[in-house]
Amino acid sequence: MRRAHLLILLAWLLQTASWILPAVKGFLGSRIDRGIPGWAVFLSETCALRPCGVASADPWYGTAISGAGVVTTVLFLLGSPWIVWRASRRLRRAAALVAAAAFVVNSQWYVFYVPVRSDLGVGYFLWCGSFALLAIGFSGSQEQATGLNPRNGNPRCFNHN
């Protein structure tokens, strides 16, 4: 198995673990809950994109970050397997850029939005890290798909060392 495929597999494992492990400790400042698992956070964040019957108290940028997180997660879950098995080199390059952008966007929770950063659980960091690993894996699989030896640029079939 190639290094890029191992990174992509690790990204999927991190994404899976992030759904089970606590993504938020308490509810952003309160210590009522021991931890809210990633799947529950994902379902609550979908309210940014669909009517949930309760008005959001988030400012506009909190709603934007929530919506972006939902979209990037759905793209990760549905799009990344297709990219790995069916995509062209050009599409893998684009997917690597999209995954890197998703990592930057999803990091906004930590950088700008959450008032008490210690309230973010291990699930959040695994979730963010899965996008970074996916981006690195896609960029590595794109380089390996060229058929050129990365050391000297010759076609792999002519490298007998």
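The values are calculated or read from the model by the stated rules, or taken from the named source; none is laboratory data. Note that the coordinates shown come from a computational prediction; the quantities given were computed from them, not determined experimentally. Don't worry about glycine lacking a Cβ; one is built from the backbone with ideal geometry, like all the others, and counts go over all protein chains shown.
Remarks
- The C-beta contact set for region 100-122 (first residue closer than 20 Å to Ala135 by Cα, second residue at pLDDT below 80 and outside any loop (DSSP other than H, G, I, E, B), distance under 8 angstrom, 6+ apart or interchain) comprises Tyr110/Arg117.
- Contacts under 8 angstrom Cβ, first residue in region 2-13 being crowded, with 19+ Cβ neighbours inside 10 Å and part of a helix (DSSP H, G or I), partner of a type in the set (Lys, Arg) and at pLDDT 95 or above, 6 or more apart: none
- When residues in region 45-100 are screened for being more than 21 Å from Phe125 (Cβ to Cβ), of a type in the set (Phe, Trp, Tyr) and at pLDDT 90 or above, 1 of them pass.
- In the condition set (1) under 18 Å from Gln15 (Cα atoms); (2) at pLDDT below 80, Thr146 is compliant with all but (1).
- All positions within region 60-101 that are touching a Leu at 6+ places or on another chain (Cβ under 7 Å) and small (Gly, Ala, Ser): Gly67, Ser80, Ala99
- Leading residue by the ranking (surrounded by the most Cβ atoms within 10 Å (Cβ to Cβ)) among those in region 83-111 that are more than 18 Å from the chain's Cα centre (by Cα) and not hydroxyl-bearing (Ser, Thr, Tyr): Ala87
- Verdict on Phe138 being within 22 Å of Ala40 (Cα to Cα), at pLDDT 90 or above and buried (at least 16 other Cβ atoms within 10 Å of the Cβ): no
- Candidates in region 112-127 are the residues that are among the aromatic types (Phe, Trp, Tyr) and surrounded by 11 or more Cβ atoms within 10 Å (Cβ to Cβ); of these, the one that is farthest from the chain's Cα centre (by Cα) is Tyr113.
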